[in-house]
Amino acid sequence: MANAGQVLARTIFGCLLATSLIPAWVLCLLLKLVLSCLPVERRAAFERCFGRMLIVILVVLWRMVFTLCAWIRVEVFQQEVPFLGAPGKPAVLVMNHTCFLDAVLATSLAPLNRSSDVRVLVANYVFKIPLLGTVMRVMGLPEVPFKACAGGGETSNMTVEKNLMEERLNAFNDHVRSGGVGAWFPEGLMNRGDPEILQEFRAGAFAVPVKTDVEIWCIAAVGCNVCWPVKAAVGGLPARIGLKVFRLTDSSHKLIEDLKDCDERAKALHIAGLAKSAVQEGVNELVAKGFSANPGMVKRS
């Protein structure tokens with residue numbers, strides 16, 4: 001019976017998640033039609049506006065998915081400071097990475113008045129997923145150009161096309177500098193080891209808070225991989241997920257003010273190390289509260 005219940009839970013969750021993408025996908029198809037009717041000089045601005053609207057729609061739909069899937073309990077521990085700060089203020093968001101559910105949860109947490117400002121760095125292989133890939137391109141999410149893929153799926157190493165990656169990061173930084181929110185998973189690959197012990201935070205995208213003074217926000221998550229195992233095609237298993245949402249600093253430049261003589265990479269590594277320590281501490285706090293990333297050790301409150 002337990003296996004049958006798990007199959008049913010996964011089926012319902014998978015169907016709801018896919019269904020949530022269909023309206024966005026249809027709107028993307030309509031966008032192509034509208035763009036073909038607009039003057040060339042107006043297309044880029046219209047597409048950007050449309051992408052922002054699409055993000056808000058997905059935030060609302062994904063919140064509904066988690067509301068309907070009552071067997072997935074998500075408990076959020078958050079500071080009183082408004083998540084992601086005030087509209088128009090540059091910010092970045094980093095989160096530990098244990099499974100595909102991380103991105104869905106982080107997106108659904110975004111306040112509606114900031115959700116359209118969020119741009120997430122996404123690995124190139126994710127853009128190959130039917131429906132989702134089309135929607136993400138229209139949303140304007142930047143693509144991480146990994147070189148190698150394992151079986152057409154997740155990248156088997158962290159090698160990227162350097163010139164192209166530098167171009168993408170510059171555009172990413174421009175978005176943040178203009179008052180947007182830049183989000184990414186600093187571990188790069190999903191954690192296939194012990195999900196309660198973080199992998200190294202790569203310096204790459206931390207060049208953004210070095211170049212631009214931003215608020216740095218973090219999410220520590222425990223239990224996402226119980227709901228959506230890292231090797232599973234679809235999630236939806238019963239789980240108790242804990243999320244700690246907090247602001248690491250209101251000024252990234254304060255974190256590096258003593259490193260004036262260091263180069264950009266050294267400063268990025270310093271911020272990455274601070275962020276990793278803070279997120280690991282958040283994970284430890286959630287484990288102490290009874291949350292677990294081990295499916296056989298899930299505790300009920």
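Brief remarks follow.
- Interatomic Cα distance distribution for the range 224-271, bins of 5 angstrom, percent: 5, 17, 16, 9, 8, 8, 13, 13, 8, 3, 0
- Maximal additional length on extending the GLU257-VAL60 stretch stands at 67.0 nm, based on 0.36 nm per residue less the C-alpha distance.
- For the range 22-103, size of Cβ-based charge dipole, Lys and Arg +1, Asp and Glu -1, in debye: 280
- Residue among GLY180, GLN280, ALA266 farthest towards the positive dipole end of the chain, charges placed on Cβ: GLY180
- Residue with peak Gaussian network fluctuation, the chain [Cα springs, cutoff 10 Å], from SER252, SER178, SER108: SER178
- Over the range 26-165, relative contact order from alpha-carbon pairs under 8 Å, at least 6 apart, %: 24
- Per-residue extension of 0.36 nm, minus the Cα-Cα distance of LEU112 and LEU131, leaves a gain of 4.6 nm for this segment.
- Rel. contact order, % - alpha carbon contacts under 8 angstrom, at least six apart, the range 1-75: 45
- About its Cα centre, the dipole of the chain is roughly 820 debye, where the only charges are +1 on Lys and Arg Cβ and -1 on Asp and Glu Cβ.
- Pairs of lysine residues in the range 182-301 that meet both criteria, 8 or more places apart or on different chains and Cα atoms under 29 Å apart, total 21.
- Taking a ≥ b ≥ c as the square roots of the Cα gyration tensor eigenvalues, the range 47-183 comes out oblate, since a/c reaches at least 1.5 and a/b does not exceed b/c.
- Axial C-alpha extent at least 18 Å, average Kyte-Doolittle at least 0.0 - helices from the chain (DSSP): 2-37, 40-68, 264-288
- Taking the convex hull of the alpha carbon positions in the chain and averaging its projected area over all directions gives 16.3 nm².
- Mean-square fluctuations from a GNM of the chain, with a 10 angstrom spring cutoff on Cα atoms, peak among LEU112, LEU38, LEU16 at LEU38.
- Considering only GluC sites (Glu not before Pro) in DSSP loops that have at most 13 other Cβ atoms within 10 Å, the longest stretch of the chain without any of them is 81-199.
- Solvent-free Debye calculation, one equal scatterer per alpha-carbon of the range 195-239: log10 I(q)/I(0) at 0.22 Å⁻¹ equals -0.86.
- Along the axis of the charge dipole computed for the chain (Cβ charges of +1 for Lys and Arg, -1 for Asp and Glu, origin at the Cα centre), the listed residues MET139, THR212, ALA91 are led at the positive end by MET139.
- Shape call, the range 42-104: gyration tensor on alpha carbons, a/c limit 1.5: oblate
- Expressed as a whole percent, the proportion of Cα-Cα pairs in the range 167-233 lying more than 19 Å apart is 43%.
- Look at the dipole of the chain built from charges on Cβ: of LEU248, ASN294, ALA203, the Cα furthest out on the positive end belongs to ASN294.
- Taking 1.567 mPa s as the viscosity and 4 °C as the temperature, the Stokes-Einstein diffusion coefficient of the range 11-52 based on its alpha-carbon Kirkwood radius rounds to 111 µm²/s.
- If only the Cβ of Lys and Arg carry +1 and only the Cβ of Asp and Glu carry -1, the dipole of the range 48-156 around its Cα centre is close to 320 debye.
- Stokes-Einstein diffusion coefficient of the range 1-83, Kirkwood radius over Cα pairs, 10 °C, 1.306 mPa s, in µm²/s: 101
- Length-normalised contact order for the chain - Cα pairs under 8 Å, 6+ apart - percent: 23
- By the Kirkwood approach, averaging reciprocal distances over each pair of separate Cα atoms, the range 220-301 gets a hydrodynamic radius of 14.8 Å.
Rule-based calculations on the coordinates, nothing more; no lab input. Model, not experiment: these values are computed from the prediction. Methodologically, a virtual Cβ is constructed for each residue, glycine included, from the backbone with ideal geometry; neighbour enumeration extends over all protein chains shown.
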